[in-house]
C-alpha cells in the first residue's frame, strides 16, 4: 500500500499530523474491529486499516521519541499485552514489584523485565485474512452437515473453516495463523520513591522499547517483604528487639544496633530497657520525613554460671558490700544494721 492510499484508507489527506492519524485509527477501529462488528466485511476492513497505519508510521520514521528509550528494572515475569490495545497506543502492564523494607524506606531503582505478546496487526489478531469467494468447506452456508451411521443424515454444525461466516479465509502468514506475534522482551528502569508502603499503586509512564512496537507503560503494586529484624508501625515507627548480654547491660557498655540505614552505636544504661532513635524510622508518608526507631533491649543471662563466673560474682559482691562511701554500700550497711536491731528486739520480746 502506497502512502497516499494509506492516508485515503483512514479518510485523511496526505501529510496529516500524527495526532490526526491516531484519532482516525481509533475512530475506524471502534467501528470495524471484529470484536465489535460481526459483519463479514469487518475483518478485511480492519486489516486494511492496520496496514494503512503501519505504512504511514514506517514512511514517517515510526514517530520514535528519543526521550523514551531509556532502559531500567523489577522482578522477572511473563506478561501478555492487552489484546484490545491499538498499535498507536501504549501497552499497559499490571504487575507486582517486591521491595525490602530498606528499599521502600530509602527509595530505589528497580530493573523490570519481562515478555510481551502483541496482537498481529496484519490480521487484527484474527489469525486469518478474508479472500475472495465463499468458503469451499460449507459453500458459503456457514454450517456443514455431518454424516451419521448407516448413511443417516446428521446434524448441522458450525463450519470450522470459516467460523460460521461462510466467507473464504486464508491463514495469516505473519503470525502463523495464531493472531499473535512472537513474544518480545521489555526492560525498564523504574524509580521507586521513598516511603512507599505495602499495597501502594505506582504508575510508570510510556517508554518506547523498539521501533515499530507500541510503547509500554506499567501499573505497579508494591509488596514490601517481611523483615527479619524490624517491625513497621502505621505512624512510621520501626521497632527492633535486641538481645544483649546481661552483664554488658549491667556494666553500662555500648553496643551496635541495626537501623534501616546501617549499624549505629548505642550507649546502654542499666536503668533503661527501651531507647528511641530519632529520625531512624520509616518515612511517615511517601516522600516525607522519617519517623523514629524504638530499640527494646532483652538482657540475656546464662542459665547456669561456670566456676570462674561464680568466683568473679563473689568478688563483685564482696567489693560492693565493703565500706567505701558508695551509695550502694551505704544502703546495704543501713539495711544490715536495721535488720540486726530488729532481730535483737524480737529475741528480747520472746523471752
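Each value in this text was obtained by applying a stated rule to the coordinates, not by laboratory testing. Note that the structure is a prediction, hence the values are computed from the model and not measured. Counting neighbours? That spans all protein chains shown, and the Cβs are built from the backbone with ideal geometry, glycine included.
For this structure, a couple of remarks:
- Two-decimal log10 I(q)/I(0) for segment 231-300, as the Debye equation yields it once each C-alpha is a single scatterer, q = 0.11, 0.16, 0.21, 0.24 Å⁻¹: -0.27, -0.54, -0.82, -0.99
- Cβ-Cβ FRET estimate between residue 237 and residue 19, R0 fixed at 35 Å, reported to 0.05: 0.10
- Mean Cβ neighbour count within 10 Å, used as a protection proxy, ranking 104-114, 41-51 highest first: 41-51, 104-114
- Here the peptides 337-346, 166-175, 226-235, 116-125 are ranked by packing, the mean other Cβ count within 10 Å, and the order with the highest first is 116-125, 166-175, 226-235, 337-346.
- The listed peptides 241-253, 20-32, 307-319, ordered by packing as a protection proxy, come out as 20-32, 241-253, 307-319 (highest mean of other Cβ atoms within 10 Å first).
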